[in-house]
Amino acid sequence: MKNVRLVDVLSGKIETTDIAVAGGLIAGIGDGYGGRESVDLEGHYVCPGLIDAHVHVESALVRPREFARAVVSRGVTTAVTNPHEIANVLGIEGVRFMLADAEEAVMDLLATVPSSVPASPLATSGAAVSLSEMRSLLSDPHVVGLGEVMDYYGVVAGDAKLLEQIEAFRGYPIDGHCPGLGGKALNAYIAAGISSDHECTNAAEAGEKIRRGMRVFIREGSVARNLRALLPVVTPDNERRLCFCTDDCQARDLLAKGSIDHLVRLAIAGGVPPMTAIRMATLNAAEHFRLHDRGAVAPGRRADLIVFRDLASPVAEMVYRSGVLVARDGETVSPVDTVAPGIPPEVRDTVSVDWLRVDFRIPAEGRRVRVIGIVAGELITESLDMEARTADGHAVADPGRDLLKIAVIERHRSSGRMGLGFVKGIGLKEGAIAGTVAHDHHNLIVIGADDRSMETAAKAVAYARGGQAVAIGERVTALLPLPIAGLMSDEPVGRVSDRMNSLLAAAGELGSPLADPFMAMSFLGLEVIPHLKLTDLGLVDVNEKKIVPLFLSGRGAGP
């Protein structure tokens, strides 16, 4: 590569030079090299391939090979994935499916071993991953550490099982998940051996975690958009302790906005120096996961490279993986197998519901109810106290106050068990939305303005062997089938994006003002992120780690 402006993240300098590549590695930097092929880059910038420090491929709603096609064209050549979504449905076999499918990807999809599967005893997951199974994955060369330890309350309290998991991965990077944790509890969590966190929502929280020795992953995904709030924490003194991650990002956003490249542009626009932003997206993540073969352009490192014109707003024009051109002008150019391997039956048949035992009615047992309050741009929710609307002895939805009914139906064992409650913030005026993507247990979740629409939407996704749907009355107005574990499509990423756009348009026609109410809905069952969530076992007070009644007692309550 001749006439290059090299973005050297090691020195922080821009160097005009040539780059020699051989055998997939950087052979040298400087003048005087020759090779079988010469590319004149005419003064374009070259930087290392970008690294996503933490992502759940399943949240893109496509299989790993399709996820790779979506992001490698944006300059992301490595992603550290945590397949704990499919692990909560299928256990260790789900993880092995993801690793096998990633083998043919046009980028490096590395993995951390899912921990805390299931996330807690307050929900019913489809499977559990034992410590021996977790250890068995360490023999896979694509496994780089232990995935986010989500039960941070348990770690702080010294839960023996959690500490045994952590100890088994001593010497590997151990990712954390501790929203809002600080003070002595944070000290205990870090002292257990956990080295990173991606759940910070403000600069003060991020600053404390950095001072205590953590690497903070600044997140910007489809729902949790924390980048702008965290930019004030970035300083010349601490920027080496910061990385970028997307965590949960759907296919339509990856195709429309980008992946880690989008975060780099946002950070630069927010005042972060371009060199710092690029370093946070490359070298810092590589060092955290001990990937010393990448993250910088230097002799002996992998030739994972991005070519772009504008340092102030980098957009990949050419992307190289191990010295091979894999993408140009936003499209993959490497040969792609058009016949994807088949999906094993056990990965497809994961939705089982006993509809004779499903009942969306809520007998009125008081005047006031606990309500899950959505917080825009956050995964945390509020625990609200609202007056219930009743009809014929039952508590019902009240769309006029944006008070909708929510249900979580166990879909792994056909138990008929379901949790019922209310949610504020989705904004439907009529109809219902449903899906089998519900972190982390991934039971069937449905929100609606009336019971009939809720039943129609819920049955639509179940009969599709998983998916997301919009319904009004007895009519399904949009459906995105997700037959792979009820989490991912078996179609190309572009087709999934088109179907998702139709789904969101249908939800918008029912009144939801949210850009993506399905992604927001999918986190309303995550019983390890404060403050109030719903699982098949009922309403969960996350702070207290217990099931709480829907109806409130005391003054102003009662029949």
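Results, tabulated for the structure shown:
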read-out: Heavy-atom SASA rank of Ser352, Ser196 (probe 1.4 Å, accessible area, largest first); value: Ser352, Ser196
read-out: Segment Asp40-Arg348, length gained on full extension (0.36 nm per residue, minus Cα span); value: 106.1 nm
read-out: The chain, relative contact order in percent, only Cα pairs under 8 angstrom and at least six apart counted; value: 15
read-out: Per residue accessible area of the range 1-50, 1.4 Å probe, in Å²; value: 53
read-out: Two-decimal log10 I(q)/I(0) for the chain, as the Debye equation yields it once each C-alpha is a single scatterer, q = 0.10 Å⁻¹; value: -0.80
read-out: Share of carbon and sulfur in the accessible heavy-atom surface of the range 212-313 [1.4 Å probe, %]; value: 49
read-out: Of Lys184/Lys209; Lys209/Lys533; Lys161/Lys184; Lys405/Lys429, those spanning more than 18 Å from alpha-carbon to alpha-carbon; value: Lys209/Lys533; Lys161/Lys184
read-out: Most to least packed among 422-431, 3-12, 34-43 [average Cβ atoms within 10 Å]; value: 422-431, 3-12, 34-43
read-out: Peptide ranges 303-316, 70-83 listed from the most packed, as the mean C-beta count within 10 angstrom indicates; value: 70-83, 303-316
read-out: Spacing of the two label points (7 Å from each Cα toward its C-beta) at Lys546 and Arg228, in nm; value: 4.0
read-out: Heavy-atom accessible area order for Lys257, Lys533, largest first, 1.4 Å probe; value: Lys257, Lys533
read-out: Long-range tail of P(r) for the range 24-171 (Cα pairs > 22 Å, %); value: 49
read-out: Backbone HN-Hα couplings from phi across the range 233-248 [Karplus 6.51/-1.76/1.60, Hz, Gly and Pro as x]; value: 6, 6, 9, x, 7, 10, 4, 6, 9, 10, 10, 10, 8, 9, 6, 10
read-out: Per residue value of the accessible surface for the range 359-495 (all protein chains in place, 1.4 Å probe), Å²; value: 34
read-out: Segment Ala128-Glu382, length gained on full extension (0.36 nm per residue, minus Cα span); value: 88.5 nm
read-out: Amide H contacts of Asn443 (H built 1.01 Å from N, under 5 Å, at least 5 apart or other chain); value: Ala438
read-out: DSSP bridge pairs, the range 164-311: antiparallel proportion in percent, nearest 5; value: 10
read-out: Rel. contact order, % - alpha carbon contacts under 8 angstrom, at least six apart, the range 58-123; value: 42
read-out: Portion, in percent, of the accessible area of the range 386-446 that falls on carbon or sulfur, probe 1.4 Å; value: 44
read-out: For the range 170-271, accessible area per residue (1.4 Å probe, heavy atoms of protein chains only), Å²; value: 33
read-out: Heavy-atom accessible surface of the range 5-162: percent carbon and sulfur, 1.4 Å; value: 48
read-out: Heavy-atom accessible area order for Glu66, Glu287, largest first, 1.4 Å probe; value: Glu287, Glu66
read-out: Net charge dipole size for the range 56-160 [Lys, Arg +1 and Asp, Glu -1 on Cβ; Debye, nearest 20]; value: 180
read-out: 5 angstrom amide H check on Arg294, placed H, neighbours 5+ away; value: Arg302
read-out: Farthest positive-ward along the range 305-424 dipole, Cα basis, beta-carbon charges - from Ile343, Leu305, Leu404; value: Leu404
read-out: Rounded to the nearest 10 Å², the accessible area of Ile380 at probe 1.4 Å; value: 50
read-out: Residue (of Ala507, Gly213, Met150) at the positive-pole extreme of the chain, dipole from beta-carbon charges; value: Gly213
read-out: Karplus-derived 3J(HN,Hα), 6.51/-1.76/1.60, for each residue of the range 322-329, Hz, glycine and proline x; value: 6, x, 9, 5, 10, 8, 9, 6
read-out: For peptides 173-182, 390-399, 239-248, sequence by mean Cβ density within 10 Å, most packed first; value: 239-248, 173-182, 390-399
read-out: Cβ-placed point charges (K, R +1; D, E -1), dipole of the chain about Cα centre in debye, nearest 20; value: 700
read-out: Dipole in debye (nearest 20) - the range 154-223, about Cα centre, beta carbon charges: Lys, Arg +1; Asp, Glu -1; value: 200
read-out: Cβ-based charge dipole, the chain, positive-most Cα from Ala520, Pro530, Gly49; value: Pro530
read-out: Integer Hz, Karplus 6.51/-1.76/1.60 couplings in order for the range 34-41, x for Gly and Pro; value: x, x, 5, 10, 10, 10, 8, 8
read-out: Rounded, prolate or oblate (a/c below 1.5 giving rounded, otherwise prolate when a/b exceeds b/c) for the range 239-333 by Cα gyration tensor; value: rounded
read-out: The chain - mean residue ellipticity at 222 nm from DSSP helices (-39,500 (n - 2.57) per run, n ≥ 4, rounded to 500); value: -6500 deg cm²/dmol
read-out: The range 100-148 and the range 160-190: distance between their alpha carbon centers, rounded to Å; value: 17
read-out: Between the range 241-283 and the range 420-479, the Cα center-to-center distance that results, in Å; value: 32
read-out: Placed amide H near Gln250: partners under 5 Å, 5+ positions off or other chain; value: Ser222
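The values are calculated or read from the model by the stated rules, or taken from the named source; none is laboratory data. Just so we're clear, the structure is a prediction, and the values are computed from it rather than from any experiment. Neighbour counts are summed over all protein chains in view; Cβ atoms, including those assigned to glycine, are modelled from backbone coordinates with ideal geometry. When the accessible area is computed, the model is the full protein with side chains, heavy atoms only, and any ligands, DNA or RNA have been set aside. Shrake-Rupley method; radii C 1.70, N 1.55, O 1.52, S 1.80 Å.
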